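Each remark here refers to the structure printed beneath this line.
The values are calculated or read from the model by the stated rules, or taken from the named source; none is laboratory data. Bear in mind the structure is a predicted one, so any value in this text is a computation, not a measurement. Using ideal geometry, Cβ is built from the backbone for each residue, glycine included, and neighbour counts are taken over all protein chains shown. Keep in mind that these areas ignore ligands, DNA and RNA; they rest on the heavy atoms of the full protein, side chains included. Shrake-Rupley method; radii C 1.70, N 1.55, O 1.52, S 1.80 Å.
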Amino acid sequence: MQLIEKRYLFIGVIVFALAGLLVLVLVGIKPGVPRATESLLPEGTSVEMREVRGQSLEPIIPEGSEVQLALDPNYALPIARGDVVVFRSGNTDAVKIVHGIPGDKLALKETGKDTYNILVNDEVVKNSEDKPYMVGDSGYRMLSLYINDYKGVIPANAYLLLGDRPSGSRDSTAFGLVDRSDILGKVIR
């Protein structure tokens with residue numbers, strides 16, 4: 001009986017490890033493999049190491065991890081859906097995932113009393129664990145400002161940036177869309 005329990009524990013550990021690697025691959029971060037090399041970066045782009053503080057991207061990037069950041073002073077790096085970026089948020093830098101880019105359709109769908117899903121291009125936005133983002137009244141009010149002002153389309157030079165927690169974090173649900181000029185660069189490893 002004890003041997004069977006150990007076998008199931010071992011299988012569970014293996015499944016958990018494989019699921020973690022799958023999450024990293026799905027968001028484009030491969031352990032130990034840079035997403036871009038310095039030789040492929042636009043001129044004027046430098047690379048530096050940054051420590052991640054905070055837990056909004058766990059389990060993708062655990063708190064305390066070091067990431068390689070391609071700094072983009074000339075705004076030459078293309079920013080795509082799924083990229084992990086660092087941007088200026090008040091007096092600090094924050095790291096989030098790009099879920100909406102200029103030209104994308106942005107909407108909110110009520111799912112219950114005072115809860116809403118975020119929709120980009122008519123698809124429910126989900127985190128790395130395939131759980132839909134759920135926003136409450138404050139997130140609804142914040143994102144509704146942009147939806148109303150820009151007729152449901154993310155404007156030029158604006159990005160929807162979210163943590164990996166489905167209930168939200170200090171991200172676009174709290175402070176709105178982020179202007180391209182506030183994006184310092186993107187994580188390349």
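Quick notes on this structure:
- 19 Å reach of a label modelled at Ser138, 7 Å along Cα-to-Cβ, counting backbone N of region 173-188: 173-178
- Here the gap between Leu145 and Asp122, fully extended at 0.36 nm per residue and compared with their Cα-Cα distance, gives a gain of 6.5 nm.
- Separation in nanometres of the label points that stand 7 Å from Cα toward Cβ, at Asp130 and Val153: 3.3
- Portion, in percent, of the accessible area of region 44-120 that falls on carbon or sulfur, probe 1.4 Å: 47
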